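Undergrad: Next up is a structure, given as C-alpha cells.
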C-alpha cells in the first residue's frame with residue numbers, strides 16, 4: 001500500500017484491512033504523509049479513498065498534511081479519526097476542538113517514549129483512546145504521561161502468516177552466501193541506521209569471537225541497509241570477522257521468508273524496539289528466536305514463552321545463550337519444535353487474533369460507529 005514501508009506502515013495497512021473486514025459497509029479516507037501514490041501491488045477497495053501529501057516540499061509537508069486532515073475532517077465529518085502514528089494526534093486533537101470528532105492514536109515505540117512536546121502531550125490527554133502495540137510501550141506511556149489507564153489499550157502487531165512458512169534451507173541462498181551444511185547460521189533483519197543501533201547487531205558481532213570458539217562454523221547474516229553500514233564494516237574488520245559475518249544488504253520481500261528459513265536462530269537483542277514484527281515472522285518459520293529483555297521484544301516473545309530474552313548489554317549472556325540454542329541445549333523445549341512455535345505465534349499474533357481484538361475495542365466504543 002505504501003511507497004515507504006516500515007513497521008508503522010505495515011501496522012497501518014493491517015489496521016485498515018481489519019477494519020474494512022469488520023465494517024465492509026463503511027467509507028474510509030486514508031491520509032498518507034510521505035507517499036505520492038499507492039504501490040503497484042495494492043488493489044484499493046472502492047470504499048477507501050487515499051489522500052497523499054508526499055508531493056509537497058518536505059519543509060511544508062507536515063503543515064500540508066495537518067491541513068488536509070483538519071480541512072477534510074470538517075468537510076466529511078467522520079465518525080472517528082484514527083492516527084496510526086502518535087505524532088498525527090495533534091491534528092486529530094485540533095479537529096476534535098473544531099468539530100467535536102473523536103479520535104484514537106496508536107503508540108508504537110520510540111515515537112511514544114519520553115514525549116516532552118506540550119502539543120503532543122495535550123493531544124494524548126484528550127484522545128478518546130490510545131492503542132499501544134505492546135505492554136512495554138503502554139507501561140511507559142502511563143508512567144511518563146500520567147494518562148488514564150482505562151484509556152490506553154493493547155492491540156499488538158500482527159503479520160501475514162501465509163508469507164512465512166516452515167521450509168528447508170533454500171539452496172540458492174546457501175550458494176549465494178557460500179554456506180555449507182556444516183555452518184550454523186545466526187540471522188538478524190534490521191534497518192542499519194545510525195539512529196537505530198539499539199537493534200543489537202553490534203552486540204552479536206562482538207559476541208561472535210566467543211561463539212565461534214565453541215561453534216567454529218558459525219556464520220552471522222545481517223539483512224538490511226542503511227547509513228550505519230560503514231561503521232559495521234569497520235567493526236567486523238577490527239574483530240577479524242570478515243569470514244564470519246555476511247552483510248546481505250537489502251532483501252526483497254519475496255526473499256525474506258527464505259532468509260528466515262536459512263537460519264538456525266533469529267537474534268535481535270534490541271533495547272529500543274516498540275514490538276518487533278521480525279520476531280513473529282521468524283517464529284512463523286519455526287525458528288528459535290532471541291530478543292532483549294528491556295523493550296517490546298518482551299511482548300513479541302511473550303515474556304520468554306516463545307523465545308529467549310537476554311540482557312542486551314551483556315555480551316557474555318548473548319554469546320552463551322546463542323551457543324546453547326545452536327548446540328540444542330537451551331532449556332526451553334518449545335524452541336526445537338518448529339511447528340509448535342509456528343502454531344503458537346499464529347494463535348497469539350496472527351491476523352485473525354488482531355481482527356478479533358480490534359472488533360472488541362470497537363464494540364466497547366460502539367457509539368462511535370452508530
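The values are calculated or read from the model by the stated rules, or taken from the named source; none is laboratory data. In this text the structure is predicted, and so the values were computed from the model without any measurement. As a convention, Cβ positions derive from the backbone with ideal geometry for all residues, glycine included, and neighbour counts pool all protein chains shown.
Undergrad: Yes or no: region 87-96 includes at least one residue that is free of Cβ contacts under 8 Å to residues at least 12 places away in the same chain and in the same structural domain as residue 119 (by TED's automatic domain parsing).
TA: Scanning region 87-96, I find no residue that is free of Cβ contacts under 8 Å to residues at least 12 places away in the same chain and in the same structural domain as residue 119 (by TED's automatic domain parsing), so the answer is no.
Undergrad: Let me ask another. Looking at (1) within 16 Å of residue 30 (Cβ to Cβ); (2) within 24 Å of the chain's Cα centre (by Cα), which is the one condition that is false for residue 116?
TA: Here residue 116 meets the rest and fails (1).
Undergrad: How many residues, within region 312-353, are within 21 Å of the chain's Cα centre (by Cα) and closer than 17 Å to residue 300 by Cβ?
TA: Number of matching residues: 13.
Undergrad: For residue 186, are the conditions met, namely being within 22 Å of residue 255 (Cα to Cα), surrounded by fewer than 17 Cβ atoms within 10 Å (Cβ to Cβ), in contact with a helix residue (DSSP H, G or I) (Cβ under 7 Å, 6 or more places away or on another chain) and at pLDDT 95 or above?
TA: Spelling it out, it is not the case that residue 186 is within 22 Å of residue 255 (Cα to Cα), surrounded by fewer than 17 Cβ atoms within 10 Å (Cβ to Cβ), in contact with a helix residue (DSSP H, G or I) (Cβ under 7 Å, 6 or more places away or on another chain) and at pLDDT 95 or above.
Undergrad: With the structure loaded, tell me whether residue 53 is in contact with a helix residue (DSSP H, G or I) (Cβ under 8 Å, 6 or more places away or on another chain) and farther than 30 Å from residue 254 by Cβ or whether it fails that test.
TA: In short, no.
Undergrad: Name the residue that is farthest from residue 263 (Cα to Cα), counting only residues in region 328-345 that are in contact with a strand residue (DSSP E or B) (Cβ under 9 Å, 6 or more places away or on another chain) and in a helix (DSSP H, G or I).
TA: 345
Undergrad: Can we say residue 358 is assigned by TED's automatic domain parsing to the domain that holds residue 77, over 24 Å from residue 210 (Cβ atoms), buried (at least 18 other Cβ atoms within 10 Å of the Cβ) and more than 16 Å from the chain's Cα centre (by Cα)?
TA: Answer is yes for this residue.
Undergrad: Mind checking whether some residue in region 281-293 is over 16 Å from residue 340 (Cβ atoms), in a loop (DSSP other than H, G, I, E, B) and out of contact with any strand residue (DSSP E or B) (no Cβ under 9 Å at 6 or more places or on another chain)?
TA: The answer is no; no qualifying residue exists.
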